[in-house]
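Asks: Let me begin by handing over the structure; questions about it come next.
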């Protein structure tokens with residue numbers, strides 16, 4: 001029987017996204033559909049998503065869900081002519097027809113906890129309407145983490161729904177959906193959920209913590225990050241919850257669309273090239289230098305960065321380093337972010353116009369140009385659950401210079417397909433960049449490493465196979481009654497968890 005997967009996500013490329021979440025979900029769902037899995041994706045019908053969706057039509061009649069103590073009418077749409085993956089859009093205009101996904105210039109929307117609680121409730125009702133048979137619910141990040149919570153508590157007396165397996169993927173554990181106690185009643189959950197066992201976290205309600213408790217399986221987006229989540233440093237304050245998962249926590253690296261990110265037939269770049277014939281990359285580099293107002297020099301290494309300009313991506317280390325100020329090399333930055341980093345980089349570009357270029361108007365096309373022309377890609381991240389750009393860069397012969405964290409450690413071979421370093425400091429970044437400059441000066445060896453990087457397999461093939469194994473384990477868990485509590489959709493009682501120490505930002509924005 002064909003496996004059926006219903007992905008539940010707050011972001012999906014190309015309809016609405018702020019970072020890698022939407023691209024990862026789209027890539028997995030697309031690959032699954034192409035491999036014989038009946039994959040569906042449910043996304044809120046944001047204003048931005050409606051603008052990108054084209055012609056849509058109702059998939060179901062309007063239906064009501066319980067949200068915020070009131071019955072709310074919602075509707076599910078899908079694209080006309082859509083096959084698989086079938087993209088569904090949840091319409092509730094008071095919640096989602098807004099200028100931003102999570103907030104606006106004033107900050108996060110104050111009703112985000114209610115908006116995504118409604119999304120979770122409606123997603124379960126959509127699952128009911130498309131048929132439970134052989135269906136896997138796959139929730140992504142904190143925005144959908146209430147799906148397993150509602151499924152096992154609110155719908156605990158419905159046997160058909162209790163047979164639905166639910167997998168939760170943590171793309172970025174630094175964002176958890178943390179809100180005041182009052183939200184518990186507003187979203188219709190019982191008082192006993194206010195406990196360190198379930199959702200209480202330092203006197204706050206934590207959506208992601210609840211999802212971790214009730215999901216049949218939990219995945220994160222790289223094997224190394226799965227280990228990091230168990231540590232006091234890398235667990236974002238939920239390390240005890242992650243540890244309690246035991247072998248229910250699995251790290252699976254993301255893949256990338258190797259058809260879209262292929263320099264051999266990329267329509268966005270000025271010259272195509274392959275690992276066997278890289279002559280076109282020299283043209284791409286010269287064109288990139290000219291477009292960014294830098295001297296056309298083949299004899300110096302060109303370092304690129306395509307990322308949100310935020311502290312998590314290591315921008316504080318870059319602007320404090322000496323590399324941009326002293327080295328005979330070129331550095332270009334593509335992406336927007338925190339004002340302090342945008343300002344600092346623009347000041348460096350003004351002081352060193354022969355070496356530094358900045359463009360905060362990110363587009364996918366510009367990222368194709370950057371990767372095709374760059375010799376190296378900078379990723380000095382504080383933490384990086386998986387990362388996508390370092391995989392794309394390698395396929396374009398741009399060797400990553402990155403910290404040995406998360407998915408960067410799993411997808412880059414130090415001294416073979418890139419350069420890895422450990423310490424989070426400007427000096428460590430400078431040392432890694434100097435290693436890259438030295439490598440570039442040995443042109444024959446540099447070219448050999450670039451060709452090897454271009455031959456790597458970063459497709460969704462292996463990750464999709466690993467997800468299929470996770471789905472089988474989740475389905476098996478639904479067939480085994482654990483205790484009488486399991487008959488009501490509740491897991492057998494577990495040891496009460498201690499509340500972890502530390503943690504980083506936990507609210508809506510990615």
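The values are calculated or read from the model by the stated rules, or taken from the named source; none is laboratory data. Please read all numbers here as calculations on a predicted model, not as lab measurements. Using ideal geometry, Cβ is built from the backbone for each residue, glycine included, and neighbour counts are taken over all protein chains shown.
Asks: Among the candidates 288, 294, single out the residue that is more than 20 Å from the chain's Cα centre (by Cα), more than 18 Å from residue 362 (Cα to Cα) and either in a loop (DSSP other than H, G, I, E, B) or at pLDDT 95 or above (or both).
Replies: On inspection, the qualifying residue turns out to be 294.
Asks: A follow-up question, please. Restrict the check to segment 420-434 and report whether at least one residue is at positive phi, free of Cβ contacts under 8 Å to residues at least 60 places away in the same chain and either within 27 Å of the chain's Cα centre (by Cα) or not assigned by TED's automatic domain parsing to the domain that holds residue 248 (or both).
Replies: Within segment 420-434, not a single residue is at positive phi, free of Cβ contacts under 8 Å to residues at least 60 places away in the same chain and either within 27 Å of the chain's Cα centre (by Cα) or not assigned by TED's automatic domain parsing to the domain that holds residue 248 (or both).
Asks: Do you know which residues across segment 62-92 are more than 27 Å from residue 34 (Cβ to Cβ) and touching a helix residue (DSSP H, G or I) at 6+ places or on another chain (Cβ under 9 Å)?
Replies: Applying the first criterion (more than 27 Å from residue 34 (Cβ to Cβ)) to segment 62-92 yields 62-75, 91-92.
The answer is 63, 64, 65, 66, 67, 68, 69, 72, 74, 91, 92.
Asks: Which fully enclosed helices (runs of 4 or more DSSP H) of segment 1-97 have 1 or more residues being buried (at least 24 other Cβ atoms within 10 Å of the Cβ) and assigned by TED's automatic domain parsing to the domain that holds residue 215?
Replies: By residue number, 20-34.
Asks: Give me a count of the residues in segment 452-487 that are surrounded by 15 or more Cβ atoms within 10 Å (Cβ to Cβ) and modelled with pLDDT under 50.
Replies: Residues flagged as surrounded by 15 or more Cβ atoms within 10 Å (Cβ to Cβ) and modelled with pLDDT under 50 within segment 452-487 amount to 1.
Let's see how each residue does on (1) touching a helix residue (DSSP H, G or I) at 6+ places or on another chain (Cβ under 8 Å); (2) surrounded by fewer than 18 Cβ atoms within 10 Å (Cβ to Cβ):
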site: 161; (1), (2): yes, no
site: 169; (1), (2): no, no
site: 178; (1), (2): yes, no
site: 183; (1), (2): yes, no
site: 190; (1), (2): yes, yes
site: 196; (1), (2): no, yes
site: 204; (1), (2): no, yes
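Asks: Ok, one more. Tally time: how many residues in segment 326-342 are surrounded by 15 or more Cβ atoms within 10 Å (Cβ to Cβ) and in a helix (DSSP H, G or I)?
Replies: Residues meeting the conditions: 2.
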